Amino acid sequence: MKFCVDYFGCRSNQAEVQEWILALENAGYMLTTDVSQADFGILNTCSVTEKAERDIFRYINKVYKKANTKWVVTGCTVSKEKQKLAERYKSYHFFDNKEKETIVDAIKALFPVKGNILYHSAFRSRIFLKIHDGCNFRCSYCIVPFLRGKSRSLPIPEIVAKAKYYTSLGYKEIVLTGINLSSYGYDIFPRENLLNLVKELNKIKSLEFIRLSSLDPRYIKYSFIKELSRVKKIADSFHFSFQSGCDQVLKRMKRGSKTLDYNKILDHFGRFFPGANFGADILVGFPGETEKEYMQTLNFVSESRLNYVHIFPFSPREGTNAALMPQLPVHIVRNRVKELKEG
């Protein structure tokens, strides 16, 4: 039996999709990139922005009309809009984030396969390994903690076992990902941390590269950067969740960081990882962002060590504090996004 996959949003969603692919292939299912040839499809969704959510509904509507493939839809959009989706697309199957752990078993029951022929397709040249889910922070603009729940980390032995399995399939590079990767291990007793995990993964002989996805500056200390530089297999490319280059905006976002912290982090990484690539997420058009505050972000980006930025226009999400704040006109937000991208 053949299946196809697609996903929107973060690397955690990609990691989940890759894990489901491997589990289903081991059960005798075959991955295909041709939707018309698939007996069923899996879609992992995102609701981090209003645009992302609109794209999800547009995508589902498109495949619903054009193909006979049955779809299993999961992720944040389902957690947020499950009833609406189920009423509109009655022949599809919907699983919210809490049901993701049982999704492979559910698929086996919905689409039983005969035989035990094993397949393996390299979905990507590198593989993503989700080690953490949920978030305990309440940034004023973010809906993710409401859809993903509290912070939850996988135990180190379980992660190491998964990594060894992935390398046995031929993967040489593993990307560690999570909803808040930097907070890994804080919910485990006795407490663990990302650095200890990386050191354990570094011992796997067949693993050549360990890459970290987005890092939260609130957890990054000088000692972490220094010790991380001693891990031989760590990839020298780092991405940070900065969100703004203006202290007043960061305060309204409830980020708990300042631009001084960001510059120190970049300087320390530059010292211990000379020649490394540095990137960051920047959110533009946050409620109340004045021209002066925007220019502070623009200047921060242009004067920092950052090699690239992922720029997002602010999108109010119902249920968050920022959605209740006075919103900026859409044309102002668009112009600032365009200027920052061109700068």
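The values are calculated or read from the model by the stated rules, or taken from the named source; none is laboratory data. Small disclaimer: the values here were computed from a predicted structure and weren't measured. Don't worry about glycine lacking a Cβ; one is built from the backbone with ideal geometry, like all the others, and counts go over all protein chains shown. The area values use the complete protein model at the heavy-atom level, side chains included, leaving out ligands, DNA and RNA. Shrake-Rupley method; radii C 1.70, N 1.55, O 1.52, S 1.80 Å.
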Quote to one decimal, in nm, the extra length available between K205 and K164 on full extension: 0.36 nm per residue of separation minus the C-alpha distance between them. 13.8 nm
Residue by residue through region 225-238, what is 3J(HN,Hα) from phi via Karplus (6.51 cos²θ - 1.76 cosθ + 1.60, θ = phi - 60°)? Round to whole Hz and write x for glycine and proline. 5, 4, 5, 5, 5, 8, 7, 4, 8, 6, 6, 8, 9, 9
To the nearest 10 square angstrom, how much accessible area does D39 have with a 1.4 angstrom probe? 80 Å²
Please report how far the C-alpha centroid of region 184-219 lies from that of region 246-306, rounded to the nearest whole angstrom. 24 Å
Less than 19 Å apart at the alpha-carbon level, and either on another chain or at least 8 residues along: which lysines does that give for K232? K164, K172, K199, K203, K205
Normalised convex hull volume, region 1-74, alpha-carbon set, Å³ per residue: 74 Å³
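Can you show me the helix-derived [θ] at 222 nm for the chain, built from DSSP H runs with n ≥ 4 at -39,500 (n - 2.57) apiece and divided by the number of residues, rounded to the nearest 500. Write out the running numbers ahead of the final one.
Numbers: 12 runs with 134 residues, N = 343.
Dividing the helical sum by the residues of the chain leaves -12000 deg cm²/dmol.
Kindly provide the GluC sites (Glu not before Pro) of region 148-236 that DSSP labels as loop, not H, G, I, E or B, and whose Cβ sees at most 14 other Cβ atoms within 10 Å.
Listed in order of number, the matching sites are E208.
First measure r as the distance between the Cβ atoms of K232 and K258, then evaluate 1/(1 + (r/R0)^6) with R0 = 35 Å and state the FRET efficiency to the nearest 0.05. It would help to have the intermediate numbers written out before the result.
Values: r = 33 Å, r/R0 = 0.94.
With a Förster radius of 35 Å, E is 0.60.
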Chymotrypsin sites (Phe, Trp or Tyr not before Pro) within region 32-136: which are DSSP loop residues with at most 15 other Cβ atoms inside 10 Å? Y119
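Accessible area per residue of the chain at 1.4 Å probe, in Å²?
Values: 16830 Å² over 343 residues.
I get 49 Å² per residue for the chain.
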For region 9-144, max minus min Cα coordinate along each principal axis, in Å, sorted largest first? 50, 35, 25
Could you look at region 149-198 and say what percent of its accessible area is carbon and sulfur, using a 1.4 Å probe and all protein chains? 59 percent
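Express in nm, to one decimal, how much length is gained between S302 and E99 on full extension, taking 0.36 nm for each residue of separation and deducting their alpha carbon distance. Don't skip to the answer; put the middle values down first.
Numbers: separation 203, 0.36 × 203 = 73.08 nm, distance 4.31 nm.
Result: 68.8 nm gained on full extension.
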Where a Cα-Cα gap under 24 Å defines reach, which lysines qualify for K84, not counting those fewer than 8 residues away within the same chain? K51, K62, K65, K66, K70, K98, K100
For region 3-28, list residues with backbone N below 12 Å from a point placed 7 Å from the Cα of A67 toward its Cβ? 3-7
Please report how far the C-alpha centroid of region 123-164 lies from that of region 41-65, rounded to the nearest whole angstrom. 21 Å
